[in-house]
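Everything below concerns the one structure shown next.
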Amino acid sequence: MANNDDAKYVEQTKMLAGKPYFGGDPYLTELRKQSQERTANLAVVRNEPEKYSAAIRELLGTVGDDKAIMESPVFFDYGCNTHVGKRFYMNAMCVILDCARVDIGDDVLFGPSVQVYTAEHPVDPAARLTGVESARPIKIGDNVWVGGGAIILPGVTIGNGVTIGAGSVVTKDVPDNVVVVGNPARIFKHV
């Protein structure tokens with residue numbers, strides 16, 4: 001028989017396993033609130049390098065080094081499900097809905113207003129009303145530039161050495177060493 005502590009984590013466990021879960025779960029709601037508080041703290045300590053680096057580490061799941069920069073404002077659903085490599089840079093107004101794991105490699109740069117969505121909602125309107133949703137992980141390789149306003153959708157893997165053009169919507173996996181542009185994003189050229 002599960003105790004009350006175990007029951008507290010049921011929806012989070014389903015969420016991280018890629019199974020349907022109830023997004024309005026009280027524990028998940030509390031975790032999102034904590035993420036918002038940690039994100040707000042980034043702006044407060046931005047000009048204090050030691051506190052700023054610590055604030056980023058407190059927000060995210062893992063951070064590759066103390067050179068990560070995230071320009072405020074930024075938004076994460078949870079933060080703790082996002083893992084960044086060395087020398088990560090995120091410009092202002094970026095959003096990462098990290099209901100599933102988001103892995104971001106070394107030397108990745110996000111332009112302003114980049115959006116990374118792991119969350120998926122039912123297409124059926126009646127199913128949407130239940131509050132049940134799901135999530136699929138996203139992986140971004142090393143040395144990737146994501147242009148301003150680009151959107152990366154659930155379940156996508158982006159290879160190494162990729163450039164994603166501003167405003168592109170990435171709906172499927174992207175191989176190494178290409179430039180993708182458009183909606184949906186398509187290979188523009190190999191580099």
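Computed values, structure above
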{"read-out": "Separation in nanometres of the label points that stand 7 Å from Cα toward Cβ, at R32 and V95", "value": "1.2 nm"}
{"read-out": "Rounded percent of accessible protein surface that carbon and sulfur make up, the chain, 1.4 Å probe", "value": "55 percent"}
{"read-out": "Extension reserve of the E48-Y9 stretch, reckoned as 0.36 nm per residue once the Cα distance is removed", "value": "10.5 nm"}
{"read-out": "Net lengthening on full extension, K86/N183 (0.36 nm per residue, minus Cα-Cα)", "value": "32.0 nm"}
{"read-out": "Phi-based couplings in Hz for the range 64-70 (Karplus 6.51, -1.76, 1.60; Gly and Pro marked x)", "value": "x, 6, 8, 9, 5, 10, 10"}
{"read-out": "Tensor-based shape of the chain (alpha-carbon gyration tensor, a/c under 1.5 rounded, otherwise prolate or oblate)", "value": "oblate"}
{"read-out": "Cα gyration tensor shape of the range 123-191, rounded if a/c is under 1.5, else prolate or oblate by comparing a/b with b/c", "value": "prolate"}
{"read-out": "FRET efficiency, S72 to T171 (Cβ-Cβ, R0 35 Å, nearest 0.05)", "value": "0.75"}
{"read-out": "V116 long-range amide H proximity, modeled H, under 5 Å", "value": "V95, I96, L97, I152"}
{"read-out": "The chain, helix-only ellipticity at 222 nm - DSSP H runs n ≥ 4, -39,500 (n - 2.57), divided by all residues, nearest 500", "value": "-7000 deg cm²/dmol"}
{"read-out": "Relative contact order computed over the range 7-65 (Cα-Cα under 8 Å; 6+ residues apart), in percent", "value": "21 percent"}
{"read-out": "Probe 1.4 Å, protein heavy atoms only - accessible area per residue of the range 69-132 in square angstrom", "value": "41 Å²"}
{"read-out": "Rel. contact order, % - alpha carbon contacts under 8 angstrom, at least six apart, the chain", "value": "14 percent"}
{"read-out": "Estimated dipole of the chain in Debye, rounded to 20 [Cβ of Lys and Arg +1, of Asp and Glu -1, Cα centre]", "value": "380 debye"}
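The values are calculated or read from the model by the stated rules, or taken from the named source; none is laboratory data. In this text the structure is predicted, and so the values were computed from the model without any measurement. Don't worry about glycine lacking a Cβ; one is built from the backbone with ideal geometry, like all the others, and counts go over all protein chains shown. Remember, those area values only see protein heavy atoms, side chains included, never the ligands or the DNA or RNA. Shrake-Rupley method; radii C 1.70, N 1.55, O 1.52, S 1.80 Å.
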